[in-house]
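Here is the structure we will look at, set down as structure tokens.
The values are calculated or read from the model by the stated rules, or taken from the named source; none is laboratory data. Note that the coordinates shown come from a computational prediction; the quantities given were computed from them, not determined experimentally. Here the Cβ positions follow ideal geometry from the backbone for every residue, glycine too, while neighbour counts run over all protein chains shown.
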Amino acid sequence: MSVRPDSWIEKMSREHGMIEPFEASQKREGVISYGVSSYGYDIRVSDEFKIFTNVNNAIVDPKNFDETSFVDFKGDVCVIPPNSFALGRSVEYFRIPRNVITICLGKSTYARCGIITNVTPFEPEWEGFVTLEISNTSPLPAKIYANEGIAQVLFFESDDSPTTSYADKKGKYQGQTGITTAKL
């Protein structure tokens, strides 16, 4: 298995719609960068967020998640409370080939401010908008800028395909179109 360079990412996006919309060069001027990087792709966060709140004194339970634990927000800047988090979604829609898996890591600009972006790997043949978990680990409110870079996706291609892909097992997050909270 090997990491794929920018030329492979562009080819797969153009020929197979792997990333839509696709930015063939990295956009940096006045924004947190996004688009193709040397060995990956910097994704953007949309202007839709679900900000965690504990006004109902709920318990976070991944088997029985209480949707009232979030406040929906749409805007150019999302402010995440101290020591809290928000869910967002990528601007880009992904279609991962059968012989590819990805790892997604937060951008250093945010990480240096105590903002951590967590995303699980995009499995072979998964497709959809990415739900992003954005944690503010700082003791201060933190700004997240919509339509700018939030995380980098690294693509790993194998010479072989898996026996069972995400599509084959009918994964519960397949084809997600909005911010998707925990499902059992």
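Among the residues of region 28-40, those that are surrounded by 12 or more Cβ atoms within 10 Å (Cβ to Cβ) and more than 13 Å from Gln152 (Cα to Cα) comprise Arg28, Val31.
Of the residues screened, Val100 is not one that is crowded, with 19+ Cβ neighbours inside 10 Å and in contact with a helix residue (DSSP H, G or I) (Cβ under 7 Å, 6 or more places away or on another chain).
Filtering region 128-153 to residues that are more than 17 Å from Val91 (Cα to Cα) and either in a strand (DSSP E or B) or at pLDDT below 95 (or both) leaves Ser135, Asn136, Ala142, Lys143. The single condition among (1) closer than 11 Å to Ala151 by Cβ; (2) touching a residue at least 60 places away in the same chain (Cβ under 8 Å); (3) over 12 Å from the mean Cα position of the chain (by Cα) that Ala111 does not satisfy is (2).
Evaluation of Glu123 against the conditions (1) over 26 Å from Asn54 (Cα atoms); (2) charged (D, E, K, R); (3) modelled with pLDDT under 95 shows that the sole unmet condition is (3). When residues in region 69-89 are screened for being under 19 Å from Asp47 (Cβ atoms) and assigned to a loop (DSSP other than H, G, I, E, B), 3 of them pass. Restricting region 48-68 to residues that are modelled with pLDDT of 85 or more and not in a loop (DSSP other than H, G, I, E, B) leaves a set whose member that is farthest from the chain's Cα centre (by Cα) is Phe52. Scanning region 90-115 for residues that are of a type in the set (A, V, I, L, M, F, W, C), out of contact with any Pro (no Cβ under 9 Å at 6 or more places or on another chain) and assigned to a strand (DSSP E or B) yields Phe94, Leu105, Ile115.
Across region 54-80, which residue is farthest from Ala182 (Cα to Cα) among those that are β-branched (Val, Ile, Thr) and surrounded by fewer than 14 Cβ atoms within 10 Å (Cβ to Cβ)? If we take residues in region 54-80 being β-branched (Val, Ile, Thr) and surrounded by fewer than 14 Cβ atoms within 10 Å (Cβ to Cβ), then Val77 is farthest from Ala182 (Cα to Cα).
Checking each residue in region 155-184 for being of a type in the set (Gly, Ala, Ser) and in contact with a strand residue (DSSP E or B) (Cβ under 6 Å, 6 or more places away or on another chain) picks out only Gly175. Return yes or no: is Lys11 charged (D, E, K, R) and either outside any loop (DSSP other than H, G, I, E, B) or closer than 21 Å to Gly178 by Cβ (or both)? So Lys11 fits the description; yes.
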